[in-house]
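Reading through the structure tokens given below for one structure.
We did not get these values from a lab; they are worked out from the coordinates using the rules stated. Because the structure is a prediction, the values reported are computed rather than measured. Virtual Cβ from ideal backbone geometry, glycine too; neighbours counted across all protein chains shown.
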Amino acid sequence: MTDSARPSSPRGAALRRLFASPNPIVIAGAHDGLSARLVEEAGFDGVWASGFEISASHGVPDASILTMTEMLDRARVMNGAVSLPVVADCDTGFGNAINAIRTVRAFEAAGIAGLCIEDNMYPKRCSFYPGVKRLLADTDEQALKIRAVCDAGSPDFVIIARTEALIAGWGLDEALRRGRAYADAGADAILIHSNQSTLDDVARFAEQWDRLTPLVCVPTTYKAATVEQLSRAGFKMIIFANHGLRASIRAMQDTLRELREAGTASAVEDRIVPLSEVDRLVNLDQLKADERAYLPPDAESVKAVILAAGFDERLMPLVSDRPKAMLEVRGKSILARQVDTLQQAGVRQIAVVRGYKKEQVTLPNVRYYDNDAFEESGELESLLRAGAELSGAVVVMYGDILFDRNILERLLQSADDITLVCDRSWPDTRAGREAAGCDLVVESPTPRRHHRFLADAQPVSVSAIGATIDPALATAEFIGMAKLSARGCQILGEVYRELRELGDDRPVHESPSLRTAKLTDLLHEVVRRGHAIASVGIYQGWLEVDTFDDYRRAWTEVG
Ligand code: SPV
Ligand code: MG
């Protein structure tokens, strides 16, 4: 949209459309973001940023006590909380015409749809305060002020001019004379205020109104009047100015009194909204979504999925009565050690996918998923069983690895969408292990290979992964520990669905079918589609229990 096509005041334009529609415009008072949002949810056409409410919510009378900037702050907050037009009650405009010009500019710049200026003398007094001095501005001077504010705003900004002639007891003729002067000065609407208990006064005003300028009323004291009656009487806009505030005062008084008397929160529980309702009103879901999208995950919010479903016959008969993850190393199972390390690093939401001898896996404080088809399926199938966990940041690990806590902590710090922990000691230690079917990776750029090195100064990514990579080309070994961000989970899900569409029975990288595929097969497909996989490089500090030798080594190495 070009600047010339963009409405100068989008919400002012929206309010003007309401004025142009055949229906009455019904708006309600508010004083902050929450009350404005409640007005919107209740279905009103707009929000009245009420001076009475804003003052009361500051604990001060509605008597020009607050400054223009204090009123503007609240109007801005309300405007930000709703998509409705906000009409700001600007009392006298906070001074003479010159002050009022600045007021218009400031409120329009804040996105407010329009404002209302009354002909009380500054400092004003609320129309309903009994026994206070009430002086009205000179009509000509007030008309000039209205002209000034109309000229100061952009064409879409709405100016409502309000006369207090009836409130001040100056009679209907004076009210009409003032209303006409302000309409002729350019006001978009005229608000005729009354503190009578019936609508007779304002109805008479409307009856004798002889301008095209629409009329606005505030039926606070003539409370029996309905929108329909007022609309029929000739009013285009009806403002229910302060009912939300007064309702909340009553509710707070009653609740606090009862709370004090009973001395227990349970006494008031059935008369207050649940916390979840506050969460909804402040849009907590949006906060969570933003956190997931834009904050590096802290360990507390990271989940872990441990894949421990498989059966490994290389370890028979050690694993004849339990899965590999439940093998004890110095009195504590591998799985219990993993769970402890995760918890120490702050990861408390831990899920384990069980399969073989699943009844033996009963650690507390862990969620379980079962892959009962573990014999004919692969790790990927197990990971899918825990699909409910794959929504935010999640660490995925094999259930047969032991690792130093600092390795996990480095992985948790990764801000990438998909990150693998890769052991760069592979080129130094591969002799004798080449046939063992290790998960190898090729990284890019090739990590520096010195005897001593610091963590990568520049990001290193995985360009190939699998057990069939030429061991001489591999730069590292994948240790079976990865981290996915929310987006990383999405990427894996998308690639998996694509593979499914190609057919379950087609080979996937190194596996004969999708059902038997390994995690590394999916990661290979992820890389092949051009998604980045980051590598956190380590140098040893972990071991995998695949063979008797591994198991023996675990005993000697675990403290
Ligand atoms: C306000 O809400 O501040 C108003 C309307 O000006 S009334 O209080 O009814 O005067
Ligand atoms: Mg007011």
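General remarks:
- Antiparallel DSSP beta bridges within the chain, as percent of all bridges there, nearest 5: 35 percent
- 10 Å binning of all Cα-Cα separations within region 6-242, expressed as whole percents from 0 upward: 8, 36, 41, 14, 0
- Hz values of 3J(HN,Hα) by residue in region 159-170 - Karplus curve (6.51, -1.76, 1.60), Gly and Pro given as x: 10, 9, 9, 10, 10, 9, 4, 5, 4, 7, x, 8
- Sequence-distant residues sharing a close amide H with Val329 (under 5 Å, placed H): Ile334
- Computed over the chain: relative contact order in percent, which uses C-alpha pairs under 8 Å that are six or more apart: 10 percent
- Scalar couplings 3J(HN,Hα) for region 252-259, obtained by applying the Karplus form with A = 6.51, B = -1.76, C = 1.60 to θ = phi - 60°, are 5, 4, 4, 5, 5, 4, 5, 4 Hz; x denotes Gly and Pro.
- Packing-based order for 228-241, 9-22, using average beta carbon neighbours within 10 Å, highest first: 228-241, 9-22
- Distant-in-sequence amide contacts of Ser463, defined by a placed amide H-H separation under 5 Å and a gap of 5 or more residues or a different chain, comprise Val442, Glu443, Ser444.
- P(r) histogram, all alpha-carbon pairs of the chain included - 20 Å bins from 0, percent: 18, 32, 19, 23, 8, 0
- The listed peptides 153-161, 43-51, ordered by packing as a protection proxy, come out as 43-51, 153-161 (highest mean of other Cβ atoms within 10 Å first).
- For Glu118, the residues 5 or more places off, or on other chains, whose built amide H falls under 5 Å of its own are Asp91, Thr92, Gly93, Arg162.
- Phi to ³J(HN,Hα) by Karplus 6.51 cos²θ - 1.76 cosθ + 1.60 over region 205-213, Hz, x for Gly, Pro: 4, 5, 5, 8, 5, 10, 10, 7, 4
- Relative packing of peptides 525-534, 310-319, 497-506 - highest average C-beta neighbours within 10 Å first: 525-534, 310-319, 497-506
- For region 250-292, the direction-averaged projected area of the alpha-carbon convex hull comes to 3.8 nm².
- Nearest-ten-degree value, helix 519-528 long axis tilted from longest Cα axis of the chain: 60 degrees
- A simple count of charges around Gln349, restricted to other residues whose Cβ falls under 12 Å of its Cβ and scoring Lys, Arg +1 and Asp, Glu -1, yields +1.
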